[in-house]
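Beneath this line is the structure, given in structure tokens, with notes to follow.
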Amino acid sequence: MKGNFPIEKLKGLETPFYYYDTDLLRKTLDIVASEANKYNYQVHYAIKANANPRILSIIRENGLGADCVSGGEIMAALNAGFPTDKIVFAGVGKADWEINLGLDKDIFCFNVESLAELEVINELAEAKGRKARIALRINPEVNANTHHHITTGMKENKFGINLDQIDTVLDRLEELGSVQLIGLHFHIGSQLTDLHPFQTLCARVNDLQQQLSKRKVFVEHINFGGGLGIDYDHPNRNPIPDFQEYFKVFNKHFKPLPDQKVHFEPGRSVVGQCGNLIAKVLYVKEGSVKKFAVLDAGFTELIRPAFYEAHHKIENITSEEKEETYDIVGPICESSDTFAKQIDINKAHRGDLIALRSAGAYGEIMASQYNCRKLPKAYFSDLI
Ligand code: LLP
């Protein structure tokens, strides 16, 4: 089964471009809200997944907060109208200007990833006569069983404060006057389709809270990060990830302290399925051992297959002819500019439109201008 595309309209647009199904995005957001509201969970959308201004404003209209990892993302969140008290700022390498921006805008919370960073936030806040609200990002040492490039919660990863370093950080916190500890933050990885690692994470956080209570440390906010995966193989069958099961796991296994608020910061699961990269077949190249469909989009528009060996479903949306086997490649001068090898799509001809599905997350936002190419445009189902 292929996706449902307004083909005649798409044919008139210059390729390659991103095409967003805003109806699906809104339906997804409705489900996120209704499932999270069941347990009074707070959701901050991880802007890193897609910062297209229109996508951001639709997400903001639906009441989500924003999880940012750079000053640029804080600006994008502010431009889209996210309220400052719903902006959190994470990241292992926050530059001074970015911290100052967060302080000046009085964002909700800085997720602190090291003792070194904590010292700098304290110093910069002190210089402004402010007190920064902070959460400690703890590395929970939970294996997410996902691609090694997108695993974040293990000791050897650069992220977060390791469990055996928490006491040192807490000792130092007692001496610092311009930071206020309000939360704990965790994130174990991305594209998790098996929910068990989240269950393990809950158990780890329960233990940690017990341990901290011995030191009389209680925080008001627990942030479990993002990471819920999407179905890249069957975007039509599973257009909306199972938020019901996802939040249920936390409700069942995490034991919040009285009045503790629970936060999430999903990115991919919110926007992944609503975006498609639409490209044109430039050439069908008959090699001596295989056939190539050469597209006008490459890893400059969608880097995930080259970077993470990621799989995106590929459809020829303008041909119904019998399927044939192709390598689907882009025009960039690198062998890794290959979207898929030896897959079957309807017989391809020069000018056919090809949809690379499930590209709403980490697609447009990771585009580059390598080979002096233009950045892709974006179109929306309700505006074309
Ligand atoms: N919170 C933190 C601290 C994160 O590092 C991430 C993603 C998220 C939230 C959102 O995670 P999500 O819900 O999207 O899984 N470019 C890669 C994914 C990198 C994820 C980085 N961190 C990809 O295309 O697969």
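Using the number of other C-beta atoms within 10 angstrom as an exposure proxy, rank Lys313, Lys2 with the fewest first.
In order of increasing Cβ crowding within 10 Å: Lys2, Lys313.
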Sorted by chain and number, the residues with a modelled amide H under 5 Å from that of Val179, at a separation of 5 or more or across chains, are Ala132
Taking 0.36 nm per residue of separation between Arg350 and Val284 and subtracting their Cα-Cα distance, the length gained on full extension comes to 23.1 nm
For the table Lys280/Lys322; Lys27/Lys285; Lys38/Lys128; Lys86/Lys252; Lys48/Lys155; Lys9/Lys313, the rows whose alpha-carbon distance is greater than 29 Å are Lys27/Lys285; Lys38/Lys128
Given a Förster distance of 25 Å, the FRET efficiency implied by the Cβ-Cβ spacing of Glu309 and Cys372, rounded to the nearest 0.05, works out to 0.40
For the chain, longest principal axis from Cα atoms; helix 243-253 axis from its Cα atoms; angle between them, nearest 10 degrees, is 30
Summing +1 per Lys or Arg and -1 per Asp or Glu among the other residues with Cβ less than 15 Å from Gly81's Cβ gives +1
Relative to the chain, whose Cα atoms define the longest principal axis, helix 22-37 and its Cα axis are tilted in degrees, nearest 10, by 30
Rg from C-alpha atoms of the chain, normalised by the globular rule of thumb 2.2 N^0.38 Å, equals 1.05
Taking the reciprocal of mean 1/r across every pair of different Cα atoms in region 271-329, the Kirkwood radius in Å is 12.9
Rounded to the nearest 10 degrees, the helix 166-175 long axis (Cα) sits at an angle to the longest Cα principal axis of the chain of 60
Among the Cα-Cα pairs of region 198-243, the proportion with separation greater than 15 Å, in percent, is 61
Rounded to one decimal in nm, the spacing of the 7 Å Cα→Cβ label points at Arg54 and Lys128 is 3.4
Straight-line reach check, Lys341, cutoff 13 Å on alpha carbons, 8 or more apart in-chain or any other chain, hits among aspartates and glutamates -> Glu309, Glu324, Asp327
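No lab work stands behind these numbers, since they all come straight from the coordinates. All of these numbers come straight from a predicted model, not from anything done at the bench. Methodologically, a virtual Cβ is constructed for each residue, glycine included, from the backbone with ideal geometry; neighbour enumeration extends over all protein chains shown.
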